[in-house]
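Values quoted throughout were computed directly from the atomic coordinates according to the rules given, and no laboratory measurement underlies them. The structure displayed is predicted, hence computed values, not measured ones. All Cβ positions, glycine included, derive from the backbone under ideal geometry; neighbour counts span all protein chains shown.
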């Protein structure tokens, strides 16, 4: 019989996923009401707590600025006031306006047509828009466009580093971390959606800057956690 080769990293990733899912259950991300809210939230959450973003989104909704068309038409100064609670509000208003302008100039304002582009061209185009970096682009890819482009953030990196799952590079970049997921997991948007949300949930509840290792669902497979608990 042919020998079945098991990919060790793929097995580790799915083990982590199953442990997270058993511990926390489904996360129901993105906390949004459709593509427009997801995109606005992804831009506003840059360097901001989600509670502050929620306040900004509520202000936009109350003011009737609740569509790509409304963002495109509203003066930038007015939009900045609406999103003030999210911090860096002038810069974020410019980013929201730049996104809306891009869709209007290239897709006649049709967000669905824009988001329906193939994965690689869509991601490249997102990155060409003012204020859209890799993490924000991938948030939009997964949660608005339903495309399998894994989101890497501070929380993901922190846990992977502590688990000994970091890329084999002296100074790993965003793409190096992302490649671990793309090379070892099925290209399924729903899996990427749930897994990213679970990494963030675990980082907030257990693997914080100062980790709470007792009772952690990863403790028996985490070298950092085992060392910390052994030393305490």
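Based on other C-beta atoms within 10 Å, arrange 9, 55 from fewest to most.
9, 55
Taking the chain as a Gaussian network, Cα atoms linked when under 10 Å apart, which of 56, 40, 23 shows the biggest mean-square fluctuation?
23
Based on the alpha-carbon gyration tensor of the stretch 149-204 and its eigenvalue square roots a ≥ b ≥ c, which shape applies: rounded if a/c is under 1.5, prolate if not and a/b is larger than b/c, or oblate?
oblate
Tilt of helix 35-44 relative to the longest C-alpha principal axis of the chain, in degrees (0 to 90, nearest 10)?
80
Compute the distance in nm between two label points, each set 7 Å from the Cα along the Cα-to-Cβ direction, one at residue 106 and one at residue 66.
2.9
Say R0 is 35 Å: what FRET efficiency, to the nearest 0.05, do residue 226 and residue 183 get from their beta-carbon distance?
For residue 226 and residue 183, the calculated efficiency is 0.85.
Extending each Cα 7 Å along its Cβ direction at residue 124 and residue 81, get the distance between those two points in nm, one decimal.
The two pseudo-label positions are separated by 4.2 nm.
Limiting things to C-alpha atoms, what are the Rg and the maximum Cα-Cα separation (Dmax) for the chain, in angstroms?
19.4, 69
Below 8 Å between Cα atoms, with a sequence gap of 6+, how large is the relative contact order for the chain in percent?
Working: 248 pairs, mean separation 49.8, N = 232.
Relative contact order comes out at 21 percent.
From the mean inverse distance of alpha carbon pairs (Kirkwood) and the Cα radius of gyration, derive Rg over Rh for the stretch 1-80.
Over the Cα atoms of the stretch 1-80, Rg/Rh equals 1.27.
Per 0.36 nm of contour for each residue apart, how much would the distance between residue 54 and residue 116 grow if the chain were fully extended, relative to their Cα-Cα spacing?
19.6 nm
Using Cβ contacts closer than 10 Å as the measure, can you line up 128, 149, 85, 170 from fewest to most?
On the way: 128 10, 149 24, 85 18, 170 5.
In order of increasing Cβ crowding within 10 Å: 170, 128, 85, 149.
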